[in-house]
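Step one of this worksheet: look at the structure below.
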């Protein structure tokens, strides 16, 4: 079943990079007591994700935070090393938190998996954005197919 507005984000362990290497971070830590802009991409370093999706959130980070967003989280079914390298290559600094859903546990729990095996990419995440307040989905912008129309930073900024 696909997550919807009003649902609580499931408690899942993810990974992110720290100065001492990959570390675990739970969805509870990421979302409890906070207003968080989340966007997910099918893959780090992929064309649309690198040229449009992530850069848009880096560019709009200050505007989102001015609207009360505590943090911006980028999720992908990639490992913490890849997410860290992609963040560095894109110059995200501390504007966007790069979080790895390496085994796709959160993606499956949300019902947002995308089968890209035919393209050699395996199971990935659908492209989407969410506004989460205290662990509850307030806005969900779920793209259809390979589109990039409603999960962009500008759309979420208008909803924040």
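The values are calculated or read from the model by the stated rules, or taken from the named source; none is laboratory data. No experiment lies behind these values; they were computed from the predicted model shown. Positions of Cβ are generated from backbone atoms using ideal geometry, with glycine treated the same way; all protein chains shown enter the neighbour counts.
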### Summary
Picking from 75, 54, the residue that is buried (at least 16 other Cβ atoms within 10 Å of the Cβ), touching a helix residue (DSSP H, G or I) at 6+ places or on another chain (Cβ under 9 Å), assigned to a helix (DSSP H, G or I) and on the phi < 0 side of the Ramachandran plot would be 54
### Summary
Flagged in region 31-51 as farther than 16 Å from residue 141 by Cα and surrounded by 23 or more Cβ atoms within 10 Å (Cβ to Cβ), in numbering order, are 31, 44
### Message
Of the conditions (1) over 11 Å from the mean Cα position of the chain (by Cα); (2) touching a residue at least 60 places away in the same chain (Cβ under 8 Å); (3) closer than 17 Å to residue 132 by Cα, residue 81 satisfies every one except a single condition; which number is it?
### Response
(3)
### Task
Output the residue which, of all residues in region 1-51 that are in contact with a helix residue (DSSP H, G or I) (Cβ under 9 Å, 6 or more places away or on another chain) and assigned to a helix (DSSP H, G or I), is modelled with the lowest pLDDT.
49
### Message
Pairs needed: first member in region 103-114, modelled with pLDDT under 95; second member anywhere, assigned to a helix (DSSP H, G or I); C-beta distance under 7 Å; at least 6 residues apart or different chains.
### Response
113/107
### Task
Could you grab me the full set of residues in region 127-145 that are out of contact with any helix residue (DSSP H, G or I) (no Cβ under 8 Å at 6 or more places or on another chain), in contact (Cβ under 8 Å) with a residue 12 or more places away in the chain and part of a loop (DSSP other than H, G, I, E, B)?
143
### Summary
Scanning region 60-72 residue by residue, those touching a residue at least 40 places away in the same chain (Cβ under 8 Å) and either in a strand (DSSP E or B) or more than 25 Å from residue 33 (Cα to Cα) (or both) turn out to be 71
